[in-house]
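Chemist: Just passing along the structure, written as structure tokens.
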Amino acid sequence: MLVHQAKRLSSPCFVITNHDSSVLPNFTVTDKDGGKGILKFDRILCDVPCSGDGTIRKNPDVWVKWNAANGNNLHGIQYRIARRGAEMLAVGGRMVYSTCSFNPLEDEAVIHRLIVETEGAMELVDVSDSLPGLKYSKGKLSWVPTSRDMVGYSSFSEVPEKWQTQIRPLMFPPSPDKAGDFHLDRCIRILPHHQDTGGFFVAVLQKTKLLPWEASAKIEKKISGDNGSGGKQKEPPRKKRRMHGFREDPFVFFEDDEPVWPEIKEFYGLDDLDPKLLLTRCKEGKKKNIYLTNSAVRDIVINNEEKIKFINTGVKSFVRCDNRSMKCSFRIAQEMAKLVKIGETSMLDFYDVLIQVNIRGDSQYITQL
Ligand SMILES: C[S@@+](CC[C@H](N)C(=O)[O-])C[C@H]1O[C@@H](n2cnc3c(N)ncnc32)[C@H](O)[C@@H]1O
């Protein structure tokens, strides 16, 4: 689904992975000075798996299957995804957490726990001014964790032992005197009757400083670096983790001496295009389809393909078309042709437009097209 939707953008700036996002590894990237660093994101959307009870209008069986335990059971994975998102976010960056559920255990309880555990490093942003005309209810300041047998509890001490693996201490709301500190009312609850839509919960969070465990890891690193070694002590080499099964559909980037490149370059007049931004999905045999990415995506894929399963990247740009009457054995792919006004815009102009759409999402050029 995501691949299908992202392809419609015809953008070389996206990369789709298939990974448990609660344990998504850090992405290694090449620094400006050629060293290796960790990619921190400016924007993250955690559209987490949820009970979907906001979709009752289109999914009537949600009524039949609903019980209080659904939300309790999802709270854990939802929190872990949000927490991992917070870790991968740059300081100053924003993360949106969303569900299509009304259950506060999947919504405000997750946000409250994230704010508590990050000791306020993650703050709810007031976006009320950014959404003129949108009808919604404010987030809840309190809720009642409830077991499958529909008994509600006002504190963890009341929870019978048999439900204590389902209802956890951090699922409870803040006490009334502290509720204001978390600004949970900044969460957005869109109910079906507001705008004749499905139901959604949306929270916008900002990372205001390093998370407590990130900050302490930094201090520890500094201390161990100062420990007589002058910071130069090398860590023992880590055993390379091989992810078997990722390679059946590899991403093979062109090298400077790629044999099919000279004829494409000459035929389409692409002297300035760096062939290293082009890739195919096969290691051996005839190259059928050629895809275009940008340099940031190329760097991410090359540096992380051993640890992260990449599913899709790049715009299909050239397709093999072996026809004796053709001067070039590759035609322009439909996906690329959509964006090129042949005759008015040269391939080179087109490439400039694509490549300037950088990974941080500056999409003005695409919009112009
Ligand atoms: C609410 S849907 C997201 C829909 C998506 N935003 C879209 O527009 O297609 C939640 C998705 O999370 C996926 N999912 C469930 N557990 C996950 C996990 N641990 N890590 C990553 N994705 C997960 C589900 O398969 C589901 O597709």
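Yes or no, residue by residue, for (1) surrounded by 17 or more Cβ atoms within 10 Å (Cβ to Cβ); (2) out of contact with any His (no Cβ under 6 Å at 6 or more places or on another chain); (3) over 25 Å from ILE332 (Cα atoms):
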site: VAL3; (1), (2), (3): no, yes, no
site: ARG8; (1), (2), (3): no, yes, no
site: PRO12; (1), (2), (3): yes, yes, no
site: ASP20; (1), (2), (3): no, yes, yes
site: ASP31; (1), (2), (3): no, yes, yes
site: LYS36; (1), (2), (3): no, yes, yes
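Chemist: Which residues, counting only those in segment 163-187, are outside any loop (DSSP other than H, G, I, E, B) and surrounded by fewer than 20 Cβ atoms within 10 Å (Cβ to Cβ)?
Modeler: Hits for segment 163-187 are TRP163, PRO169, LEU170, ALA179, GLY180, ASP181, ASP185, ARG186.
Chemist: For segment 154-161, state whether one or more residues are assigned to a helix (DSSP H, G or I) and in contact with a Cys (Cβ under 7 Å, 6 or more places away or on another chain).
Modeler: Among the residues of segment 154-161, not one is assigned to a helix (DSSP H, G or I) and in contact with a Cys (Cβ under 7 Å, 6 or more places away or on another chain), which makes the answer no.
Chemist: Output yes when any residue across segment 89-100 is within 14 Å of the ligand (Cβ to nearest atom), in the same structural domain as VAL202 (by TED's automatic domain parsing) and part of a loop (DSSP other than H, G, I, E, B), and no when none is.
Modeler: yes
Chemist: Any residue at all in segment 60-82 that's outside any helix (DSSP H, G or I), of a type in the set (Val, Ile, Thr), in contact (Cβ under 8 Å) with a residue 60 or more places away in the chain and outside the structural domain of ILE311 (by TED's automatic domain parsing)?
Modeler: No, the conditions are met nowhere in segment 60-82.
Chemist: Starting from residues that are in contact with a helix residue (DSSP H, G or I) (Cβ under 8 Å, 6 or more places away or on another chain), part of a loop (DSSP other than H, G, I, E, B) and closer than 28 Å to ASN303 by Cα, keep the ones in segment 32-59 and report whichever is nearest to the ligand (Cβ to nearest atom).
Modeler: Here the answer is VAL48.
The values are calculated or read from the model by the stated rules, or taken from the named source; none is laboratory data. All values reported here derive from a predicted model rather than from experimental measurement. Here Cβ is always computed from backbone atoms with ideal geometry, including for glycine, and neighbour counts include all displayed protein chains.
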